[in-house]
1. Which residue is nearest to Glu271 (Cα to Cα), if the candidates are limited to the stretch 231-256 and must be part of a loop (DSSP other than H, G, I, E, B) and among the hydrophobic types (A, V, I, L, M, F, W, C)?
2. When both residues are 6+ apart or on different chains and their Cβ atoms are under 6 Å apart, which pairs have a first residue that lies in the stretch 226-244 and is touching a residue at least 40 places away in the same chain (Cβ under 8 Å), and a second that is assigned to a helix (DSSP H, G or I)?
3. Restricting the search to the stretch 307-324, which residues are modelled with pLDDT under 95 and either hydrophobic (A, V, I, L, M, F, W, C) or assigned to a helix (DSSP H, G or I) (or both)?
4. Among the residues of the stretch 366-397, what is the count of those that are in contact (Cβ under 8 Å) with a residue 60 or more places away in the chain, among the small types (Gly, Ala, Ser) and assigned to a loop (DSSP other than H, G, I, E, B)?
5. Tell me, which residue of the stretch 398-418 that is of a type in the set (S, T, N, Q) and part of a loop (DSSP other than H, G, I, E, B) is surrounded by the fewest Cβ atoms within 10 Å (Cβ to Cβ)?
6. Quick check: anything in the stretch 29-37 surrounded by 17 or more Cβ atoms within 10 Å (Cβ to Cβ) and of a type in the set (D, E, K, R)?
7. Just to be sure I understand, how many residues within the stretch 210-229 are buried (at least 16 other Cβ atoms within 10 Å of the Cβ) and either assigned to a helix (DSSP H, G or I) or in the same structural domain as Leu350 (by TED's automatic domain parsing) (or both)?
8. Going by the structure shown, is Leu423 in contact with a strand residue (DSSP E or B) (Cβ under 9 Å, 6 or more places away or on another chain), part of a helix (DSSP H, G or I), touching a residue at least 60 places away in the same chain (Cβ under 8 Å) and within 18 Å of Phe352 (Cβ to Cβ)?
Amino acid sequence: MKRKVLLVIPVYKNQNMSPAFIPPQIGLASIAAVLLKNNYTVEIFDGEINPSYDAFKKKILDFQPELVGFTAYTKTVMAASICAQIVKDIDKKIQTVIGGPHATMIPQQTLEEFSAFDLAVIREGENTIIQILETNYEIAKIAQVAGISYRQNGQVITNPPVSYVDLDSLPFPAWDLFKLKTYNLNNYTWNYFKSRTHELFITVTRGCPFACTFCCRVLETKVRKRAVSNIISEIKWLIEIYKVRSLSFSSDTFTYDENYVIEICQAMIAEGLHKKISWTCSTRIDCLNEKLLRIMKSAGCQVIMLGLETSNQENLNAINKRYDNQMTSQMVNLIRSIGIIPISSFILGLPFEDKKSISNTIKFASKLKLGFALFTIFTPFPGTKLAQELQHNGRIKTFNWSKYDTQSSDYTIINDKLEQRDLMWLHLKGYLKFYFNYRNFLKIFRTVKIKSVPLYLLKFISYNR
């Protein structure tokens, strides 16, 4: 009988995002593909699409896995621990493994805080989960597995780092395990800018060479690239098997290596793929130029996601962004003129901000020719440089990880220049000013629950009582 593994996205009800915009996770799809290749029986439970603890318990009872692997961001790690405890209440012999960004950044603390997890996987999980299974959970063998934390005699032990995964050696993601019919594949990323299309995700690179002080560099600084031929093969496979019409290129900074991107674009054009799909990517404005943008457009690029974050130059310098407002405006205008839609995220409430600097960022964002803007509340994610500095200075208010969602009304740091109710109002003001001064403002209601807007108002009123 084949050994069974259940991969889990924790039960979590997103209060700010409609379920129609929750995508299947490419990381779990990749791990699942490796498990299938190694002759394991695998199923996936997505607790964001099906946010029911009863449904999760039923899945455990029906499937009877020997190992349950969870992936969790900081905001969902507490939910993952609840799910892990449900597993242990059913059968203590079932191994519970936590992976993802939160466990990668603070693996030892994660195991110390949440007793329901047996192991923590640090960084990539494709090879590590196979090695864990091959140990049959014998402590002497577990101690030899790189890239994990585990318990021994009441102590948490962290093994040396795991070697990087060879991206070209990975099988294509096992998307079928997500039961894709339960997802709305027409809505992901930013495809509401044109007629809705069938979209999935494809890994291009892993790793980020930059050092933004607010960011979790889960896969560290080395950028690993897939062979262009391997990428092209997967695109053809996605078109043939899943009938995709749009792709989201998964890469922290897609255009970091200009020649590599040009090679990908040229290959897509040569294969005629630019006529079959459009695609989106994420990058930085200091990694773009006109020549590169024009070939990206020719190859089918529709949307570029930027992380502009703030308009205050001192803040940009403090978070280690290497550009200014003039450069930003010029690049956004250039992207628009070439026919690609630029969109961006902005962080409100950085530790050194006040109301004036946030208002200036909102004003700046509303004047840019962006197709979409996402305003997030600064969150001191564990393991980041800013979080470490804030914790050292006693400026983190709470370690209730469920509040670390970047859209919550809870300001998780102490900032003498900024009160929580002021930040909450400015957060709402950012969306109102951007979309109600923009001819396509109704598009916000396709991505954010309509009830979220009055929710902000109600919370604001409650803080003023």
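The values are calculated or read from the model by the stated rules, or taken from the named source; none is laboratory data. Here the structure is a predicted model, which is why all the values come from computation and not from measurement. Positions of Cβ are generated from backbone atoms using ideal geometry, with glycine treated the same way; all protein chains shown enter the neighbour counts.
1. Val244
2. Arg226/Leu167; Arg226/Asp168; Ala227/Asp168; Asn230/Asp168; Ile232/Ala267; Ile235/Leu273; Val244/Leu238
3. Residues satisfying the conditions are Gln313, Glu314, Asn315, Leu316, Asn317, Ala318, Ile319.
4. Count: 2.
5. In this case the residue turns out to be Asn400.
6. So far as the stretch 29-37 goes, no, none of its residues is surrounded by 17 or more Cβ atoms within 10 Å (Cβ to Cβ) and of a type in the set (D, E, K, R).
7. Looking only at that region, the number is 1.
8. Yes: the conditions hold for Leu423.
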